[in-house]
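> Sending over a structure as structure tokens; questions will come in a sec.
The values are calculated or read from the model by the stated rules, or taken from the named source; none is laboratory data. Bear in mind the structure is a predicted one, so any value in this text is a computation, not a measurement. Cβ: placed from backbone, ideal geometry, glycine included. Neighbour counts: every protein chain shown. Calculation scope for accessible area: heavy atoms of the full protein, side chains included, ligands and nucleic acids excluded. Shrake-Rupley method; radii C 1.70, N 1.55, O 1.52, S 1.80 Å.
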Amino acid sequence: MNHGSPGNHDRDQDQGHVLLRTEGHTGYLTLNRPKALNALTHPMVLRIDEALARWQHDPDVTAVVIEGAGERGLCAGGDIRAIYEDARTGGRASADFWRDEYRLNARIARYPKPYVALMDGIVMGGGVGISAHGTVRIVTERSRVAMPETGIGFVPDVGGTYLLALAPGELGTHLALTGAPVGAADALLCGLADHFVPSELLPRLAADLARASVHEVLERYVAPAPGGTLDGDREWIDHCYAADTVEDIVERLLDSGAPAAKEAAATLRAKSPTALKVTLAALRRVRGLGPLERALEQEYRISCAALSSPDLVEGIRAQVIDKDRSPRWSPPALAEVGPADVERYFAPLGAHELALTRTDSTQEVPW
């Protein structure tokens, strides 16, 4: 993440990573880093935000569509190699990136015009942040939606804790802790998406949105989604993940008798113990915070604290840099992560708070 003054070549390349066009009455945002699964960089976030701000006040633009270039997905998340280098060197670039990214997530959630997200293929982490807060969220048979942060020693962010806390029962807790990807039907069940459209029809749907209203177009393309799995697993998921601690959740999963529950327990045992405990605490707390902006403020505190945590660097190293898939978490066991270790992630940031909301004597005002 370069916060200096890039040369013309770098600037042109940054702009090329988000293609902007208007056709008819619709603005189109295309993430254009297909070789990197359209992973978000800081310049990409700023370019999307600037385009949305401009189109918001353009009377000729009545809707916005966001899509990903290539065949593999909308967006695999943030550029975690850059976060790895930043965390290793004690930099501020990641905190600056998250500040602008979370502000973008809030803008999308409050956008006054229909914001249509084509969530085809892989939609993970930051990809969820630029899609699942939108007005109309479309999944396909190829969709794989996930918040996989605990696997790299991180915690669901970009409003992910807010979205998952709203899922029925304890489904969101299951997805947040395990990082498991879900297909179209389960994304719909969990409230991460609104409609299913076969992937082969997306180009025509996107083109039609230039000429007709979102409502008219959706009527022609929406279809029933293929079956999912979470609905049939609700009994053990709701029971196991309602436990007070991660240790108790793992114990209930092992005792439940359901093969899928035992698989979930094994998955949790491979994740960062600290990230698991902070994630559970974040989900439980976010339910009492109110609007999305409050959740993003909490997530910003957590993300900034994670930068100085050994597990974030180690998790990215194991999964992305060396790819040995054998992270050495510190501490290595759930029992060794105490309340003070968790509370550190929620500590106020003083002058560095995200501050998306302000409170006065009469009302709370979203940023």
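> Mind listing whichever residues of segment 285-309 are within 21 Å of TYR84 (Cα to Cα) and free of Cβ contacts under 8 Å to residues at least 60 places away in the same chain?
ARG301, ALA305
> Does ARG33 satisfy the criteria of being open to solvent by 40 Å² or more (accessible area, probe 1.4 Å), at pLDDT 95 or above and among the basic types (Lys, Arg)?
It is true that ARG33 is open to solvent by 40 Å² or more (accessible area, probe 1.4 Å), at pLDDT 95 or above and among the basic types (Lys, Arg).
> Quickly run through segment 224-246 and pick out the residues that are charged (D, E, K, R) and within 25 Å of the chain's Cα centre (by Cα).
Within segment 224-246, ASP231, ASP233, ARG234, ASP238, ASP244 qualify.
> A further question follows. Looking at (1) of a type outside the set (Ser, Thr, Tyr); (2) closer than 20 Å to SER94 by Cβ; (3) open to solvent by less than 40 Å² (accessible area, probe 1.4 Å), which is the one condition that is false for ARG301?
(3) is the only condition that ARG301 fails.
> GLY227: farther than 29 Å from ARG344 by Cβ, at pLDDT 95 or above, surrounded by fewer than 19 Cβ atoms within 10 Å (Cβ to Cβ) and not charged (D, E, K, R), yes or no?
no
> Where residues in segment 257-296 are assigned to a loop (DSSP other than H, G, I, E, B) and closer than 28 Å to PRO327 by Cα, which of them is most open to solvent (accessible area, probe 1.4 Å)?
LYS271
> Right, another one. Among the candidates VAL155, VAL139, single out the residue that is in contact (Cβ under 8 Å) with a residue 12 or more places away in the chain and touching a Leu at 6+ places or on another chain (Cβ under 8 Å).
Matching residue, one of VAL155, VAL139: VAL139.
> For residues that are closer than 21 Å to ARG301 by Cβ and surrounded by fewer than 19 Cβ atoms within 10 Å (Cβ to Cβ), tally how many sit in segment 151-200.
So the answer is 1.
> Look through segment 208-218, keep the residues that are in contact (Cβ under 8 Å) with a residue 60 or more places away in the chain and within 27 Å of the chain's Cα centre (by Cα), and return whichever of them is least open to solvent (accessible area, probe 1.4 Å).
Once the filter is applied, the top-ranked residue is LEU209.
> Moving on. Please state which one of TYR102, TYR115, TYR84 is hydroxyl-bearing (Ser, Thr, Tyr), surrounded by fewer than 24 Cβ atoms within 10 Å (Cβ to Cβ) and touching a residue at least 40 places away in the same chain (Cβ under 8 Å).
After ruling out the rest, the residue left standing is TYR84.
> Can I ask one more? Here are the criteria: (1) at pLDDT 95 or above; (2) farther than 21 Å from GLY159 by Cα; (3) hydrophobic (A, V, I, L, M, F, W, C). Tell me which single one VAL320 does not satisfy.
Answer for VAL320: the failing condition is (1).
> Is it true that ARG137 is surrounded by fewer than 21 Cβ atoms within 10 Å (Cβ to Cβ), closer than 21 Å to GLY77 by Cα, within 21 Å of the chain's Cα centre (by Cα) and among the basic types (Lys, Arg)?
Values: surrounded by fewer than 21 Cβ atoms within 10 Å (Cβ to Cβ): no; closer than 21 Å to GLY77 by Cα: yes; within 21 Å of the chain's Cα centre (by Cα): yes; among the basic types (Lys, Arg): yes.
No.
> Here's a follow-up. For ARG21, are the conditions met, namely being modelled with pLDDT of 95 or more and loosely packed, with under 15 Cβ neighbours inside 10 Å?
Criteria met by ARG21.
> I would also like to ask the following. Among the residues of segment 204-218, is there at least one that is of a type outside the set (S, T, N, Q) and on the phi > 0 side of the Ramachandran plot?
As a first pass, look at segment 204-218 and keep what is of a type outside the set (S, T, N, Q): 204-212, 214-218.
Narrowing further to those that are on the phi > 0 side of the Ramachandran plot: none.
No; the residues of segment 204-218 include none that is of a type outside the set (S, T, N, Q) and on the phi > 0 side of the Ramachandran plot.
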